[in-house]
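The values are calculated or read from the model by the stated rules, or taken from the named source; none is laboratory data. Everything numeric here is computed off the predicted structure, so don't read it as measured data. All Cβ positions, even for glycine, are placed from backbone atoms using ideal geometry, and neighbour counts span all protein chains on display. SASA here: full protein model, heavy atoms, side chains in, ligands and nucleic acids out. Shrake-Rupley method; radii C 1.70, N 1.55, O 1.52, S 1.80 Å.
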Amino acid sequence: FGLGSCEWIVTFNNMIGNPAMLEVTAFHEDLVVGPSTTVSLGSYPSIIRDNLTVSQPPGFEGDIGIIEAELNSLSTINSVSVDAVNAIPDDKGQCSWMITFNLNAGNLPTLQVSSSENNIFSTSASLRNGDSVIIYDDVEKGTSEALSGHFSLSYDGYRTPYLQHNVSARELKTAINNLKSAGHVDVTQEGPGINNEFVWYVTFLSDYQPLHTFEVDSLDLKGTMASVSVSKERVAIPPPFDGPDSGSMLIHDLSMLSVAIWPLKQGIKYTFRVSALNSIGASLVTYSWPRYVEPLPQTPPRPFSINLMPKDGESITMD
């Protein structure tokens, strides 16, 4: 090591597997470098220049619970527990581990193994030193069932048809938009999860009021502990209708089914709402669809009633 250099050995006592490399961030006055596994601080070739390096020398790799840690890092597995049947080699030099899938439902495909020599996966692999790794499947079969079946949604007394448990965002959007009570919605989807489950996000586009949630009929869903839950991610905030560009109009003639509203300013998004009024009181408001309109510059109409008159021998007058 160079003059004034130091070395530290960091040991992770409570982590399984081989943890990710530490990263370091260096600070000097207003200068910040990192985070990275290697940083240098100070201007070159100034003698006041520090180099910080994080490394993992051979033989220092974490190996406690390495099988469990590596399997849990796979997105298709999610969570397993690995218990040593005999982690210390027996009289034949063999070791065994029991792998239990904690969250995956149903009987699962067999784990496969390969050696670093050929990258060919199967239920057994031969290592360079002559040892073999063998996987035995279904020592204990799965007792749960993956999600399947159908469900239905209802909103304000109107109900969708039964929908597949994995209905697409487009199909769910169509089903909800066909409900007379829901207005216009947009739907996005996440999934599938490890047990064929999905999440849908429904955004109500034509109603600004705080809404109640869907009611769910999940009796036709199949699977271990199959259910549907509904929650609100975000509550609608209606427009204030009290700004400098707000206005109102009272219509007495019910034969007048449309009105013209002016003057509107270009570049401002206008939202409209309508409420009925009688001697008892006012109704709930209904918002316009689309949610807003924005006046934009328009091309002028075609000229009409054009009159041309000769002015002199070289020009004419146009009115």
Compare L219, L127 by solvent-accessible area with a 1.4 Å probe and give them largest first, with all protein chains kept in place. L219, L127
Hey, with R₀ at 35 Å, roughly what FRET efficiency would D156 and N196 work out to, going by the Cβ-Cβ distance, to 0.05? 0.70
Treating only the Cβ atoms of Lys and Arg (+1) and Asp and Glu (-1) as charged, compute the dipole magnitude of the chain about its Cα centre; round to the nearest 20 debye. 1340 debye
Counting only protein heavy atoms and a 1.4 Å probe, tell me what percentage of the range 182-310's accessible area is made up of carbon and sulfur. 58 percent
Spin-label point model (7 Å from Cα, Cβ direction): what's the S144 to V230 distance in nm? 2.6 nm
Which residue, M98, T25, S231, has the largest displacement toward the positive end of the dipole of the chain when charges sit on each Cβ (Lys, Arg +1; Asp, Glu -1)? S231
Could you check which residue among L172, L108, L296 shows the biggest mean-square fluctuation in a GNM of the chain with a 10 Å Cα cutoff? L296
FRET efficiency, I99 to S73 (Cβ-Cβ, R0 22 Å, nearest 0.05): 0.95
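Any idea of the accessible area per residue across the range 96-244, 1.4 Å probe, to the nearest Å²?
68 Å²
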So, relative contact order of the range 194-278 in percent, Cα under 8 Å, 6 or more apart, is 25 percent
What is the dipole size for the range 97-166, taken about its Cα centre, with +1 at each Lys and Arg Cβ and -1 at each Asp and Glu Cβ, in debye to the nearest 20? 140 debye
The chain - mean residue ellipticity at 222 nm from DSSP helices (-39,500 (n - 2.57) per run, n ≥ 4, rounded to 500): -1500 deg cm²/dmol
Considering only DSSP states other than H, G, I, E and B, which chymotrypsin sites (Phe, Trp or Tyr not before Pro) in the range 272-319 qualify as loop sites with at most 11 other Cβ atoms within 10 Å? F304
Tell me, what is the 1.4 Å probe accessible area of E23, in Å² to the nearest 10? 120 Å²
May I ask you to derive the relative contact order of the chain, considering only C-alpha pairs under 8 Å and at least 6 residues apart, and to give it as an integer percent? 8 percent
Working out 0.36 nm times the residue gap between T286 and N166, then minus their Cα-Cα distance, what length gain in nm do you get to one decimal? 39.9 nm
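Can you give the relative contact order of the range 61-186 as a percent, counting alpha carbon pairs under 8 Å and 6+ residues apart? Before the final figure, lay out the partial values.
Numbers: 156 pairs, mean separation 16.3, N = 126.
It rounds to 13 percent for the range 61-186.
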Sites matching trypsin sites (Lys or Arg not before Pro) across the range 139-216 that sit in DSSP coil, with at most 16 neighbouring C-beta atoms within 10 Å: K141, K180
Give the residue from P300, P290, I316 lying farthest towards the positive end of the charge dipole for the range 269-319; charges sit on Cβ (+1 for Lys and Arg, -1 for Asp and Glu) and the dipole is referred to the Cα centre. P290
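Where in the range 109-214 are there chymotrypsin sites (Phe, Trp or Tyr not before Pro) that are in a DSSP coil and have at most 11 other Cβ atoms within 10 angstrom of their Cβ?
Here the sparse-neighbourhood loop sites are F121, Y136.
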